[in-house]
Structures are given as C-alpha cells and as structure tokens.
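Structure first, then comments.
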Amino acid sequence: MTVIALCTIVPVLVSAGPALAKVKPDDGEVRGSSLGLGNTILLFVVIPLGAFLLIAALAVLPSALSRPRYRPGRPWEHQPRWIGAPSQAVAGADAAAIEGRAGEAGSTAQGGASAEW
C-alpha cells in the first residue's frame with residue numbers, strides 16, 4: 001500500500017516542484033521600470049490601430065482593384081454571350097425556338113407546363 005501511495009505522490013510533487021519553488025520573486029513583489037507615456041501609447045494605441053488599418057485595407061483591396069460591375073437598372077454595354085450553346089446539328093433544328101419564333105404561324109412548339117416542345 002505504501003508503494004502505491006509513493007508511486008502516486010512522487011510524480012505529482014516532482015511535476016509541481018518548479019511551481020512551488022520560490023527561486024525568483026516574479027509574482028509582482030518586485031516592481032520593474034515604467035514604460036513611459038510614449039511607449040505606452042505606442043504599445044496600446046498605435047500598434048493595434050495599425051494592425052486594424054492593415055487588416056481593413058487587405059479586406060477592401062480586392063474590391064477596389066476589380067472592374068466596375070453591372071448594376072440593375074443600368075444599360076447593358078457588352079455583347080451578349082450564350083454559355084452552353086447547342087451544337088450545330090441541334091442549332092439548325094431548334095433555331096425557331098432558340099430565336100424566340102416559337103409562337104409564329106406554322107410553329108407546333110407550345111412549351112409551358114404541357115412539355116410539348
């Protein structure tokens with residue numbers, strides 16, 4: 001029983017030894033030199049403000065360097081693009097539907113929810 005008690009107490013005391021040692025009184029008993037007003041302002045005002053401004057500039061920089069975007073209500077100033085256009089074989093067959101002539105006379109395409117294209 002004594003061996004078990006020693007095996008549990010000794011590692012705790014060995015690991016807690018540096019915390020319990022009072023080699024140097026660094027718990028606030030000995031006062032150090034003052035920072036001074038200039039160093040205090042630099043440390044607690046200028047450096048955090050500079051870090052904030054740097055992060056804000058890095059956040060705004062990508063949008064500041066980008067091209068102007070299209071805004072709703074403004075006229076479209078670019079050529080139209082058709083992304084995912086059908087191949088040439090399909091383009092000839094569906095030219096009327098693609099160009100918006102599906103409702104003209106002679107056209108059989110109805111569209112809508114009836115799924116009759």
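Scan segment 28-67 residue by residue and report those that are of a type outside the set (A, V, I, L, M, F, W, C) and in a helix (DSSP H, G or I).
Step one: of segment 28-67, the residues of a type outside the set (A, V, I, L, M, F, W, C) are 28-29, 31-34, 36, 38-40, 48, 50, 62-63, 66-67.
Selection gives 38, 39, 40, 48, 50, 62, 63.
Could you please find all residues in segment 68-81 being among the aromatic types (Phe, Trp, Tyr) and either assigned to a helix (DSSP H, G or I) or at pLDDT 80 or above (or both)? Give the steps one after another, and end with the answer.
Residues of segment 68-81 among the aromatic types (Phe, Trp, Tyr): 70, 76.
Across segment 68-81, the qualifying residue is only 76.
How many of the residues making up segment 2-28 are at pLDDT below 70 and not aliphatic (A, V, I, L, M)?
8
The values are calculated or read from the model by the stated rules, or taken from the named source; none is laboratory data. In this text, all values refer to a predicted model and were calculated from it rather than measured experimentally.
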